[in-house]
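Q: My structure is below; once you've seen it, I'll send some questions.
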Amino acid sequence: MEFSDRETYGADVATTFAMFCDDEATVARAEAVGHRDAKVLESSEDGEDYVIKSSRVVDVDLPGFAKKVLKPTNTMIQTDRWGPESDGARAGSFDIDVKGAPVKVRGTMTLTPTDGGCVHEVTGNLEVKVPLVGGRIAKWAAGDTKETLRGEMEFNQQRLAGG
């Protein structure tokens, strides 16, 4: 199930990218959308790329059809890999592994300069590998994922505005 969102920030690409690489901001972003026990596992350069690996515990209210295959509390490990700056922009990828669940989330993200700031775009795909009900679970989970992404972008907007 595909999802996407975009947000225009009043900060430039370099400032926005620095926020994404900041451990404190990574933890605060997860907490702002209701996740708990967030922590940064890795934040380092890997060749020309910058890697941020974090974990968080996520509680969800599962619909009845998903309760036999998913748990209401899950640990998610997210790995963001940002490439080097190119013509003032940044591009990267992300992978989210839901521990002990047949769920995988992957996607891309970009920061593109604009007059007076930058645009942050995220496009992803959520897969649930469960026979018969996997597509139905993916559709439900994609809605939850979009809500979380929107909340994270709102956090970024406030953080970059100094709030």
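Q: Considering every residue within segment 99-119, establish whether at least one is within 13 Å of the chain's Cα centre (by Cα), over 21 Å from Val58 (Cα atoms), among the aliphatic types (A, V, I, L, M) and modelled with pLDDT of 95 or more.
A: Yes, the conditions are met somewhere in segment 99-119.
Q: Can you tell me how many residues within segment 53-83 are surrounded by 16 or more Cβ atoms within 10 Å (Cβ to Cβ), among the small types (Gly, Ala, Ser) and modelled with pLDDT of 95 or more?
A: Residues that pass the stated criteria total 2.
Q: Could you tell me how many of the residues in segment 1-52 are among the β-branched types (Val, Ile, Thr), surrounded by fewer than 16 Cβ atoms within 10 Å (Cβ to Cβ) and not in a helix (DSSP H, G or I)?
A: Adding up the residues that qualify gives 1.
Q: Considering every residue within segment 77-94, establish whether at least one is over 14 Å from the mean Cα position of the chain (by Cα), closer than 21 Å to Glu2 by Cα and aromatic (Phe, Trp, Tyr).
A: Checking segment 77-94: not a single residue is over 14 Å from the mean Cα position of the chain (by Cα), closer than 21 Å to Glu2 by Cα and aromatic (Phe, Trp, Tyr).
Q: For segment 94-108, check the following and say yes or no: at least one residue is under 19 Å from Asp12 (Cβ atoms) and either surrounded by fewer than 17 Cβ atoms within 10 Å (Cβ to Cβ) or in contact (Cβ under 8 Å) with a residue 60 or more places away in the chain (or both).
A: No, segment 94-108 contains no residue that is under 19 Å from Asp12 (Cβ atoms) and either surrounded by fewer than 17 Cβ atoms within 10 Å (Cβ to Cβ) or in contact (Cβ under 8 Å) with a residue 60 or more places away in the chain (or both).
The values are calculated or read from the model by the stated rules, or taken from the named source; none is laboratory data. Just so you know, these numbers come straight off a predicted model, no measurement behind them. Heads up, the Cβs are rebuilt from the backbone with ideal geometry, glycines too, and the neighbour counts pull from every protein chain shown.
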